[in-house]
Amino acid sequence: MTETTLEEPPYIVEPDAASVVLRTKDLSFYYGKTQALFDLDIAIPRNSVTALIGPSGCGKSTLLRTFNRMYDLYPGQKATGQILLDGEDVLAEKDVAKLRSKVGMVFQKPSPFPMSIYDNVAYGPRTHRIAPTKADLDALVEKSLRRAALWEEVKDRLGKSGLGLSGGQQQRLCIARALAVSPAVILMDEPCSALDPVATAHIEQLIEDIRKHTCIVMVTHSMAQAARVSQITAFFNMGKLVETAPTADLFTAPKLEQTQDYITGRFG
């Protein structure tokens, strides 16, 4: 096995500045006294899928959770540096609910609320008072379910529990719920790992459709999936960004030995 090192500086291909929706500057993260992320500088472009890859424990899911301050739910965790969403510092935002309407989250395991399909999608718009009338809310629920490629399957049972759907349908319902508040960014943490191949194909096609108008940042352990659905791939190891580049370039001609070792299976 080739010995890996973190001594090389990261190799970073910067997207066009005008396209950047999310950017970190000197971002570090701590679980109590344990540092998990080290001085990360990464730019995420809009209308694209950025895949975060790397061995287990490398910090990619931790990074994902800093983008919408999920760590606020757990005492002793903190981030330092900056996370800029359209130029505004996420770490300085006092209204975390407002932030999470701009930065949605889809988890590894489908997590619909224990309520009707309709109410799952309507929850965000009601909370943030996005749809002033029932007719507006009905239209928004339908639009969100259509964007999640779920409307035709559930339009006749909107009053039924979302928990009664299949795993793949539940994940699409969670995506519809995220889309309903028109977020600038959707975070996806291993969104297909609990799904069968058919459901995975549905979600991957959905990701391709959504990214045309919404930025997606996705953690995946599957390099094949990253190659299929992402335009940008960022490789992490031991809490540091090693290399980021257009996906095809990173997988076919990585610039750093660490990246080459990981994608060829020499470690990880």
| request: Look through 134, 212 and report the one residue that is at pLDDT 95 or above and open to solvent by 60 Å² or more (accessible area, probe 1.4 Å). | output: 134
| message | Step by step: first the residues of the range 1-31, then only those that are open to solvent by 40 Å² or more (accessible area, probe 1.4 Å) and modelled with pLDDT of 95 or more, then the one that is farthest from residue 76 (Cα to Cα). Which residue is that? | response | 23
| query | Name the pairs: first residue in the range 210-228 and among the hydrophobic types (A, V, I, L, M, F, W, C), second residue part of a helix (DSSP H, G or I) and open to solvent by 60 Å² or more (accessible area, probe 1.4 Å), Cβ to Cβ under 9 Å, at least 6 apart or on different chains? | reply | 210/147; 227/248
| message | All but one of (1) crowded, with 18+ Cβ neighbours inside 10 Å; (2) of a type outside the set (A, V, I, L, M); (3) more than 28 Å from residue 59 (Cβ to Cβ) hold for residue 171; state the number of the condition that does not hold. | response | (3)
| field | Odd one out for residue 198, checked against (1) among the hydrophobic types (A, V, I, L, M, F, W, C); (2) assigned to a helix (DSSP H, G or I); (3) in contact with a Leu (Cβ under 8 Å, 6 or more places away or on another chain); (4) over 21 Å from residue 22 (Cα atoms) | value | (3)
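Check the range 142-154 and report whether any residue there is in a strand (DSSP E or B), charged (D, E, K, R) and on the phi < 0 side of the Ramachandran plot.
Step one: filter the range 142-154 for residues in a strand (DSSP E or B), giving none.
Within the range 142-154 (the criterion being in a strand (DSSP E or B), charged (D, E, K, R) and on the phi < 0 side of the Ramachandran plot), the answer is no, since none of the residues qualifies.
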| query | Looking at this structure, is residue 182 in a loop (DSSP other than H, G, I, E, B) and surrounded by 16 or more Cβ atoms within 10 Å (Cβ to Cβ)? | reply | yes
| field | Enumeration of residues in the range 93-116 that are modelled with pLDDT of 95 or more, farther than 13 Å from residue 187 by Cβ and touching a strand residue (DSSP E or B) at 6+ places or on another chain (Cβ under 9 Å) | value | 112, 114, 115, 116
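Scan the range 94-114 residue by residue and report those that are charged (D, E, K, R) and crowded, with 16+ Cβ neighbours inside 10 Å. Break it down stepwise before answering.
Step one: of the range 94-114, the residues charged (D, E, K, R) are 94-95, 98, 100, 102, 109.
Selection gives 100, 102.
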| query | Do you know which residues across the range 32-78 are open to solvent by 70 Å² or more (accessible area, probe 1.4 Å) and hydroxyl-bearing (Ser, Thr, Tyr)? | reply | 34, 56, 74
| note | Of the conditions (1) farther than 30 Å from residue 165 by Cα; (2) under 18 Å from the mean Cα position of the chain (by Cα); (3) open to solvent by less than 40 Å² (accessible area, probe 1.4 Å), the single one that residue 250 does not satisfy is (2)
| said: Testing residue 75 on (1) closer than 30 Å to residue 39 by Cβ; (2) modelled with pLDDT under 95; (3) under 22 Å from the mean Cα position of the chain (by Cα); (4) not basic (Lys, Arg), one condition comes back false. Which one is that? | reply: (3)
| remark: residue 89 fails exactly one of (1) over 20 Å from residue 234 (Cβ atoms); (2) touching a residue at least 40 places away in the same chain (Cβ under 8 Å); (3) touching a strand residue (DSSP E or B) at 6+ places or on another chain (Cβ under 7 Å), namely (2)
| request: Inspect the range 231-247 for any residue being part of a helix (DSSP H, G or I), more than 23 Å from residue 69 (Cα to Cα) and either out of contact with any Cys (no Cβ under 7 Å at 6 or more places or on another chain) or free of Cβ contacts under 8 Å to residues at least 24 places away in the same chain (or both) and give the result as yes or no. | output: yes
| query | Based on what the data block shows, is residue 152 of a type outside the set (Lys, Arg) and surrounded by 15 or more Cβ atoms within 10 Å (Cβ to Cβ)? | reply | no
| request: Determine the pairs where a residue that is at pLDDT 95 or above, located within the range 255-268, has a partner that is among the acidic types (Asp, Glu) with Cβ atoms under 6 Å apart, the partner being 6 or more residues away or on another chain. | output: 256/8; 256/243; 259/243
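The values are calculated or read from the model by the stated rules, or taken from the named source; none is laboratory data. These numbers were taken from a predicted model, which means no experiment stands behind them. Note that we place each Cβ from the backbone using ideal geometry, even for glycine, and neighbour counts take in every protein chain shown. In case anyone asks, the SASA skips ligands and DNA or RNA and just uses the protein heavy atoms, side chains included. Shrake-Rupley method; radii C 1.70, N 1.55, O 1.52, S 1.80 Å.
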